[in-house]
Amino acid sequence: MITDLRLLTAGRLSNDIIGTLLNRAQKQVLESYPWSFLLSNAVINGATPKTAGTITVGQGTTVVQGVGTHFGLEDIGAFIWIGGLGLTPLPVQSVQGTAVLTLAYPWCGPTLIGSSYVLEPLYYLVEGALEVLSIRANGIELQKRTREYINQIDPTRASVGAVPCLQWCPAPPSPDGSVMVEMWPPSGGPMAYVVDFKRQAPTMVNPNDTTICPYEIVEEKAAEAACLQLYANTNQQSWLGLADRHRTLFLEAYESGKAEDGRRQMDRNGVCAPNSYVGTDANYVPTHDLIGA
């Protein structure tokens with residue numbers, strides 16, 4: 001698509017500007033209609049809490065020393081309940097070994113030696129999600145709650161042991177903005193959860209990156225924007241006329257894409273139909289063409 005727009009604009013716009021126009025066009029297209037290919041799902045695995053061994057932590061420090069513990073890199077970002085459940089959990093910032101980890105915030109309680117603990121994830125990442133729609137396990141759908149509701153009934157997350165968990169709520173986003181969820185009560189054992197979600201638009205960076213919607217819709221939308229920008233730069237009426245032409249082509253491709261998407265929803269046995277569960281990724285193969293950005 002970059003090559004097409006370079007030819008259209010006779011090289012007057014840089015690849016960076018064209019890339020920005022394409023990404024903006026894709027975002028606008030994806031936000032304008034409930035496309036079926038935005039619906040997907042993923043599996044997240046509820047972890048078994050770690051309680052082996054004991055820990056020692058000093059008041060006002062962030063370093064936790066363990067004896068008989070099995071800390072690992074998978075615990076980075078997890079939460080630790082020092083002294084057992086009932087106290088406010090603290091996030092783990094880093095892990096230096098099987099018996100040493102560092103907290104994100106200093107421990108404000110009294111110095112503890114040989115204390116019990118509970119270590120497990122409190123939030124789970126849903127990679128590539130823009131919005132989580134539902135979570136289920138063993139065919140049972142977890143009840144969606146607000147984070148404020150769970151804070152009121154269990155502010156320190158003292159409840160634990162449900163397998164599967166009973167409820168879920170949106171969690172604060174990760175530092176990179178990725179969508180996360182919290183399941184409550186914290187898991188009492190391993191369990192696989194199926195998460196239905198709406199995908200976010202991936203940013204196209206490389207020339208071979210592809211759109212997740214029919215490419216011709218995005219290309220015509222970006223072409224219109226490119227022509228309007230050149231009209232603003234040059235005040236040449238020919239660019240305005242060309243923008244109108246690509247606007248017409250965009251609307252034709254857009255309506256055709258919506259019609260095809262409606263047929264796709266009906267043809268896939270209700271996999272992506274409204275009010276039904278989204279099928280597995282393996283069962284979904286988009287029918288629109290994809291070409292390099």
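From N151, N206, N235, grab the single residue that is more than 26 Å from V126 (Cα to Cα) and not assigned by TED's automatic domain parsing to the domain that holds G83.
Details: N151 fails: more than 26 Å from V126 (Cα to Cα); N206 fails: more than 26 Å from V126 (Cα to Cα).
Going through N151, N206, N235 in turn, the sole match is N235.
Could you say which residue among P175, P170, P214 is without any contact (Cβ under 8 Å) to a residue 24 or more places away in the chain and either of a type outside the set (D, E, K, R) or closer than 21 Å to N138 by Cα (or both)?
Matching residue, one of P175, P170, P214: P175.
Any idea how many residues of region 103-136 are surrounded by fewer than 20 Cβ atoms within 10 Å (Cβ to Cβ) and of a type in the set (F, W, Y)?
Selection size over region 103-136: 2.
Going through region 166-199 one residue at a time, which ones are modelled with pLDDT of 80 or more and over 16 Å from L125 (Cβ atoms)?
Scanning region 166-199 gives L166, Q167, W184, P185, P190, M191.
Which residues, taken from region 83-97, are surrounded by fewer than 14 Cβ atoms within 10 Å (Cβ to Cβ) and either closer than 17 Å to H70 by Cβ or in contact with a helix residue (DSSP H, G or I) (Cβ under 9 Å, 6 or more places away or on another chain) (or both)?
Scanning region 83-97 gives Q96, G97.
Give me a count of the residues in region 178-192 that are closer than 19 Å to D154 by Cβ and hydroxyl-bearing (S, T, Y).
1
Test A225 against the criterion of being assigned to a helix (DSSP H, G or I), surrounded by fewer than 16 Cβ atoms within 10 Å (Cβ to Cβ) and over 23 Å from the mean Cα position of the chain (by Cα), and give yes or no.
Values: assigned to a helix (DSSP H, G or I): yes; surrounded by fewer than 16 Cβ atoms within 10 Å (Cβ to Cβ): no; over 23 Å from the mean Cα position of the chain (by Cα): yes.
Here the answer is no, as A225 does not meet what is asked.
Looking at region 18-31, which of its residues are touching a helix residue (DSSP H, G or I) at 6+ places or on another chain (Cβ under 8 Å) and surrounded by fewer than 19 Cβ atoms within 10 Å (Cβ to Cβ)?
R24, Q28
When you go through (1) surrounded by 15 or more Cβ atoms within 10 Å (Cβ to Cβ); (2) of a type outside the set (K, R); (3) not in a loop (DSSP other than H, G, I, E, B) one by one for Q152, which number turns out not to apply?
With respect to (1) surrounded by 15 or more Cβ atoms within 10 Å (Cβ to Cβ); (2) of a type outside the set (K, R); (3) not in a loop (DSSP other than H, G, I, E, B), Q152 is out only on (1).
The values are calculated or read from the model by the stated rules, or taken from the named source; none is laboratory data. Please read these numbers as outputs of a predicted model, since none were measured by experiment. Note that we place each Cβ from the backbone using ideal geometry, even for glycine, and neighbour counts take in every protein chain shown.
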